[in-house]
Structure formats: C-alpha cells, structure tokens
Amino acid sequence: MSAPDPPHAPEGALRAAVIAGIGSYVPPDVVTNDELTARLETSDEWIRTRTGIVTRHRITPGTATSDLAVEAGQRALKSAGASHADAVVLATTTPDQPCPATAPQVAARLDCAGAAAFDVSAVCTGFLYGLATAASLVVAGVADSVLLVAAEAFTSLVDPDDRHTAIIFGDGAGAVLLRAGTAGEPGAVGSFVLGSDGTASDLIEVPAGGSRQRSARVPARPQDTYLRMRGRDTYRHAVERMTSASRQAVHAAGWTFADVDRLAAHQANARIIAAVADRLDLPEQRLLCNVAHVGNTGAASIPLLLSEAVEAGRLTAGHRVLLTAFGGGLTWGATTLTWPDVTAG
C-alpha cells in the first residue's frame with residue numbers, strides 16, 4: 001500500500017501538510033537512577049529534584065540511530081495505513097557516521113528506496129526544524145507524502161562519568177507521516193516560528209569530531225568527544241526562547257492561550273517544562289510530559305511524547321496543540337495544530 005491519497009480539496013483551498021500517522025520507539029535497555037548513583041557522586045533524590053527523571057533508555061553496543069529511526073518510521077507508516085513516502089527526512093544529532101547522511105539508509109530499509117532523503121541537524125529543536133522542512137516539501141508540491149523521523153542515540157555522545165549529562169539524556173525515536181491536505185483540516189500543520197543564536201553555540205556542544213578540530217591535525221582529547229552543556233545558562237535560554245516562540249506561534253494561529261488544550265514542549269527536564277507552562281499561564285493538566293521515564297531524547301522528544309500521549313489517551317482528536325522546543329546552536333521553534341484522528345502505530 002502506498003501513502004494514503006489526500007482527500008478531495010475544495011476549490012480554492014490552500015494546500016497544507018497534514019499529520020496522517022505517528023509512531024515511536026525506545027530501546028529496551030532501561031537505566032534507572034539507582035544504577036547511575038551507584039557510580040556517580042549523586043543521589044536519586046538529587047536527580048529527581050533537578051530533572052524530574054527517574055529512568056531513561058539506552059542503546060546496546062552495535063545499535064545505531066538508523067536502527068531506532070527504522071522502528072519508529074515503520075510504526076508511523078503503519079499508523080497511516082501506508083507503506084511508502086515520497087521523501088524521508090531524518091532529524092538527528094547522532095547520525096550513524098559523518099558521511100553519508102543517515103536518512104537514505106533509513107529510507108532504503110523502509111522500502112522507500114529512490115525517495116528523496118536527507119538529514120536535518122538542529123539538536124533538540126530538530127523535530128520542529130524537520131517538520132517545517134517536511135511541510136514545505138508538501139506545500140510546494142515536491143512531495144505528496146513525507147516521512148519525518150527524529151531519532152537520537154544520544155548516550156553515544158554523553159560521558160558516562162559526567163553526572164551533569166549522564167543523568168539527563170536517553171535514546172529513542174519518534175516519527176510522523178505527513179500527507180498533502182488542505183489548510184484548516186485536523187492535523188494541518190500551522191505557521192512556524194524558528195530562530196537561532198550562533199553567538200551562544202558553546203552552551204551545548206561536542207568540541208571534537210568536526211572539520212575545525214580535524215583540520216588542526218591535533219588528536220582530540222577524550223573529554224572533547226563528549227557533549228558539554230552549561231546547565232544554568234541553558235536553562236535560562238530554554239525558558240525564555242520557548243516562551244517567546246510559543247507566544248508568537250499562538251498569535252499566528254489566531255488563538256489565545258485559553259485555546260491551547262495541550263502543550264508539547266521539548267522534554268529537556270521537568271523544571272524547564274514547568275517554567276515555560278507557568279510563564280504561558282497553562283495549567284498542569286494541559287501539559288504533556290514523559291521526561292520521567294525517557295529522559296531528554298533530543299530531537300526525538302516531541303514526536304515520542306506525542307505518540308505516547310496518543311496511546312495513553314491524553315491526546316485525542318480535536319485537541320489544539322502547541323509544540324515548542326529549544327536546543328543547541330542555539331536553536332528554538334514553535335508551531336500549532338489541531339490534533340487529527342490518528343492511532344499510534
């Protein structure tokens with residue numbers, strides 16, 4: 001079965017990208033706080049208080065980002081009743097290798113060989129940057145269907161002995177299938193607010209492995225191959241940028257925050273999510289949150305969150321949803337949509 005045919009569009013209706021399916025996957029290996037505290041100078045109480053995280057998932061040796069992406073992609077296609085997409089976009093910070101891009105491999109394994117396929121890198125904002133890109137392909141008529149997968153093997157970037165990062169990050173993937181539809185129908189993706197600030201790129205970085213370090217002809221220090229994050233400054237920027245982007249996106253949709261039924265924010269940590277919701281005056285019952293059992297899964301966090309919320313009945317057809325994220329770069333973004341009638345694959 002190919003991608004589902006778009007419904008007949010009323011004359012004069014604007015073409016839009018519509019969510020037709022969703023799926024997610026986390027590797028089976030679960031890492032508890034107790035496992036981390038046994039070797040790090042920290043405690044379960046400290047981790048829960050600072051992050052809200054209790055467990056996170058971790059890839060096993062030999063597993064790569066593409067493996068997670070294929071699992072999530074298959075489930076999104078199944079959710080949509082489709083077996084093919086015209087294009088595959090992969091949002092990731094942890095490609096299988098620097099060259100080539102990982103998306104063509106994912107497309108081939110999903111029987112989408114020959115489809116356009118490429119990677120998008122915006123760290124934890126990757127899903128929203130990828131969603132804007134995928135939606136643009138549909139709106140421009142380049143593709144009638146696009147499979148957007150966000151997948152991260154983030155634990156491969158984390159120093160297992162760094163208590164500031166090892167407690168936060170986990171691995172996982174989420175995916176949505178977009179189809180051509182019309183503006184205003186359930187699932188149609190709204191206007192995007194995207195931004196960046198490269199002057200603060202050192203807040204979240206992996207110093208080694210790129211052309212700057214390689215061209216210096218100096219072997220990388222082991223500590224420079226791991227993720228570094230300046231937590232306090234990152235917290236401040238994350239709250240400010242997601243709050244601002246959310247306000248712009250809600251305004252562009254013609255909504256007020258009273259209209260927002262669900263907030264799906266990047267699952268950085270529980271304190272950041274709560275601070276953004278508080279600034280937007282959104283009550284706790286409208287927040288979608290899964291950070292306690294998956295941790296921060298980078299670009300994968302929003303689609304993984306949405307998929308789990310659909311499965312749990314926390315996100316249903318007709319809910320007006322605000323999506324927002326912040327990540328390294330610095331990058332940030334937000335968009336809105338009315339949730340369609342889909343079942344998680």
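Observations on the model:
- Qualifying strands (runs of 3 or more DSSP E) (wholly inside region 8-127; at least 3 residues being within 18 Å of the chain's Cα centre (by Cα) and either buried (at least 21 other Cβ atoms within 10 Å of the Cβ) or not assigned by TED's automatic domain parsing to the domain that holds Val206 (or both)): 15-25, 55-58, 87-91, 116-120
- The residues on offer are Ala292, Ala344, Ala312, Ala300, and the sole one that is touching an Asp or Glu at 6+ places or on another chain (Cβ under 6 Å), outside the structural domain of Ala166 (by TED's automatic domain parsing) and surrounded by fewer than 21 Cβ atoms within 10 Å (Cβ to Cβ) is Ala344.
- Yes/no for Ala274 being within 19 Å of the chain's Cα centre (by Cα), without any contact (Cβ under 8 Å) to a residue 24 or more places away in the chain and not assigned by TED's automatic domain parsing to the domain that holds Leu148: yes
- Count of residues meeting criterion [of a type outside the set (S, T, N, Q), outside any helix (DSSP H, G or I) and at negative phi] in region 262-300: 12
- Filtering region 249-261 to residues that are assigned to a loop (DSSP other than H, G, I, E, B) and not acidic (Asp, Glu) leaves Ala253, Gly254, Trp255, Thr256, Val260.
- Cβ-Cβ contacts under 6 Å between residues 6 or more apart (or on different chains), taken from a first residue in region 212-228 that is outside the structural domain of Cys124 (by TED's automatic domain parsing) to a second residue that is in a helix (DSSP H, G or I), are listed as Ala220/Gln213.
So that you can scan it fast, the table gives a plain yes or no per residue for (1) over 19 Å from the mean Cα position of the chain (by Cα); (2) within 30 Å of Tyr226 (Cβ to Cβ); (3) without any contact (Cβ under 8 Å) to a residue 40 or more places away in the chain:
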{"position": "Ala134", "(1), (2), (3)": "no, no, no"}
{"position": "Ala140", "(1), (2), (3)": "yes, no, yes"}
{"position": "Glu152", "(1), (2), (3)": "no, yes, no"}
{"position": "Ser156", "(1), (2), (3)": "no, yes, no"}
{"position": "Thr165", "(1), (2), (3)": "no, yes, no"}
{"position": "Ala175", "(1), (2), (3)": "no, yes, no"}
{"position": "Thr182", "(1), (2), (3)": "yes, no, no"}
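- The requirement of being surrounded by fewer than 23 Cβ atoms within 10 Å (Cβ to Cβ), within 29 Å of Arg247 (Cβ to Cβ), in contact with a Ser or Thr (Cβ under 8 Å, 6 or more places away or on another chain) and hydrophobic (A, V, I, L, M, F, W, C) is fulfilled somewhere in region 178-192, by at least one residue.
- Here Ala87 clears all of (1) within 23 Å of Ala175 (Cβ to Cβ); (2) modelled with pLDDT of 95 or more; (3) out of contact with any helix residue (DSSP H, G or I) (no Cβ under 9 Å at 6 or more places or on another chain) except the condition numbered (3).
- Boolean, Gly195 is farther than 21 Å from Phe169 by Cα, touching a strand residue (DSSP E or B) at 6+ places or on another chain (Cβ under 8 Å), part of a loop (DSSP other than H, G, I, E, B) and among the small types (Gly, Ala, Ser): no
- Any chance Thr225 is surrounded by fewer than 20 Cβ atoms within 10 Å (Cβ to Cβ), among the β-branched types (Val, Ile, Thr) and at pLDDT 95 or above: no
- Hey, Gly195 under 19 Å from Phe326 (Cβ atoms), under 18 Å from the mean Cα position of the chain (by Cα), of a type in the set (Gly, Ala, Ser) and at pLDDT 95 or above or not: yes
The values are calculated or read from the model by the stated rules, or taken from the named source; none is laboratory data. What you see is a predicted model, and the numbers here were worked out from it, not measured in a lab. Positions of Cβ are generated from backbone atoms using ideal geometry, with glycine treated the same way; all protein chains shown enter the neighbour counts.
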